[in-house]
Amino acid sequence: MLNEIINMFKKKGDFVSGEEMSKKLGITRAAIWKKIRILRGAGYKIQATTAKGYKLIKTPEFSVEELRTLIPTATIEKSPHPPFAFSSANPPECGKGGQGGIVGREIIFFESIGSTNTAALELAEKGAPHGTVVIADRQIKGKGRLGRTWVSPPKKNIYMSVILRPEIEPKDATLLTIMTAVSCAKGVMKSTGLKAEIKWPNDLMISNKKLGGILTEMKSDPDGIVFAVIGIGINVNSKTKKDFPPDIRGIATSIKEELGKIQSRTFIIAEILKELEHWYNVLLNEGRKPLFDEWKRLSATLGRKVRVTAGDNVFTGVAEDIDKGGMLILRLPSGMLKKISSGDLTMMR
Ligand code: BTN
């Protein structure tokens, strides 16, 4: 409903009368006024006059309320901590797909949190359903890959974690990261027009600089994955010189740096969640091939000369392919092929 009001404003680009809205939406003018107050509370600047009605003056850069309106199946959740309580007789349902939209049906927002991944792991442990999304404006203890810190300046970037309960084996968990990398690259491209690429294993890149990363954590038992938490960090409005420490300034970028103006996190997140929904269903219904084909199309790595640091080992060679488990296949100078499961990759030319 809020989404429809926003759309009416955008379509008209001028005042929309209370009567017009009430007719179109089938609710009273008093109910319209309540919605306008919700939008104002979420940071929308809306002018109101008795004679002409309402006019949208300014939209906020991020609004979780608006995000919920952009995800068709999202529930409008008021409490920041939904009382997830599932008994063994009523377990959280698994992600079988096919039952309509699931990614983002619960969106939980924190103004400030240690790490959205840690919060999502705790919520998943309490029974948060498949498709729950945790978003924060700020992270105090943002986690990166390989035990690193993820720099998380407040109200600038995307810090988001998605809880999935996939019916796949733990050895196939890489598929979730690959699916997320593809979804993020496509979501960023659709919402900003920028050309985003993927650097193995899961870095989001623009113009050879790191735009974002993915951190997948999971709980499994002998029967398979109990739940997975996929953390997504994307630099949207940060200024690399001001917001990032010196060691990453030169290698990081943000959407604002690339486009020269502030971008709405709301719309970027909405596109990413829609892509995740799509690619999760592709994976379930068509298998891994279409996903891998898309990953390869978006790859900044394949065909390039690279150096990979994996633990204490450093390998140099040409990145030839990824195998069906997401391992990098490197052609070494000797001509031999080397498979690498994880590491830090630098492109050499
Ligand atoms: C990487 O090192 O490239 C992965 C970075 C992942 C960062 C995101 S931000 C949201 C989520 N919460 C965290 O603590 N980390 C991930």
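The values are calculated or read from the model by the stated rules, or taken from the named source; none is laboratory data. Computed from a prediction, not measured in an experiment: that's the story for all the values here. All Cβ positions, glycine included, derive from the backbone under ideal geometry; neighbour counts span all protein chains shown. The area values use the complete protein model at the heavy-atom level, side chains included, leaving out ligands, DNA and RNA. Shrake-Rupley method; radii C 1.70, N 1.55, O 1.52, S 1.80 Å.
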At 4 °C and 1.567 mPa s, what whole-number value in µm²/s does Stokes-Einstein give for the translational diffusion of segment 220-349, with Rh from the Kirkwood sum over Cα pairs?
73
Net charge (Lys, Arg +1; Asp, Glu -1) of residues whose beta-carbon lies under 12 Å from that of L298, L298 excluded, is 0
Near the amide H of F110, under 5 Å away, which other amide H atoms are found, from residues 5 or more places off or on another chain, if H is placed in the peptide plane?
I135, A136, D137
Using only Cα atoms and rounding to the nearest 10 degrees, what angle (0 to 90) does helix 2-12 make with the longest principal axis of the chain?
80
Given a 10 angstrom Cα cut-off, can you work out which residue in E65, E258, E19 is the most mobile in a GNM of the chain?
E19
For K23, counting only lysines whose alpha-carbon sits under 26 Å away and dropping same-chain residues fewer than eight positions off, the answer is K10, K11, K12, K34, K35, K45, K52, K55, K58
CD proxy at 222 nm, helix term only [per DSSP H run n ≥ 4: -39500 (n - 2.57); per residue of the chain; nearest 500]
-9500 deg cm²/dmol
Residue among A300, S264, L284 farthest towards the positive dipole end of segment 241-343, charges placed on Cβ
A300
Over the chain, with neighbouring protein chains present, the accessible area per residue in Å² at probe 1.4 Å is 47
Using only C-alpha positions, report the orientation-averaged shadow area of the convex hull of the chain, nm², one decimal.
19.7
For the chain, find the longest principal axis of its Cα atoms and tell me its angle to the long axis of helix 174-192, 0 to 90°, nearest 10.
50
Provide the per-residue ³J(HN,Hα) series for segment 335-349, in order, calculated from phi with Karplus coefficients 6.51, -1.76, 1.60 and θ = phi - 60°, each as a whole number of Hz, with x at glycine and proline positions.
x, 6, 9, 10, 9, 10, 8, 7, x, 9, 10, 10, 8, 9, 7
Checking M205, M336, M189 against a Gaussian network model of the chain (alpha-carbon springs below 10 Å), the top fluctuating residue turns out to be M336
In nm, spacing of pseudo-spin labels at T346 and T50 (7 Å Cα→C-beta vector)
7.0
Using the Karplus equation 6.51 cos²θ - 1.76 cosθ + 1.60 (θ = phi - 60°), what ³J(HN,Hα) coupling, rounded to whole Hz, does each residue of segment 196-211 give in order, writing x for Gly and Pro?
9, 10, 10, 9, 4, x, 8, 8, 8, 10, 9, 6, 6, 10, 7, 9
Given a Förster distance of 56 Å, the FRET efficiency implied by the Cβ-Cβ spacing of I57 and V226, rounded to the nearest 0.05, works out to 0.75
For L211, residues with placed amide H under 5 Å, excluding near neighbours
L204, M205, I206, T253
May I have the pair-distance distribution P(r) for segment 191-267, computed from all Cα-Cα distances with 5 Å bins from 0 and rounded to whole percent?
3, 14, 21, 21, 16, 9, 7, 6, 3, 1
With Cα atoms, 0 to 90° folded angle of helix 289-298 axis to the chain main axis:
90
Show log10 I(q)/I(0) for segment 1-60 at q = 0.28, 0.30, 0.31 Å⁻¹, two decimals, from a solvent-free Debye sum over equal Cα scatterers.
-1.41, -1.62, -1.71
Of the candidates S63, S220, S191, which one comes out as most mobile in a Gaussian network treatment of the chain with C-alpha springs shorter than 10 Å?
S220
Considering only C-alpha atoms, what is the centroid distance from segment 186-221 to segment 257-317, in Å?
5
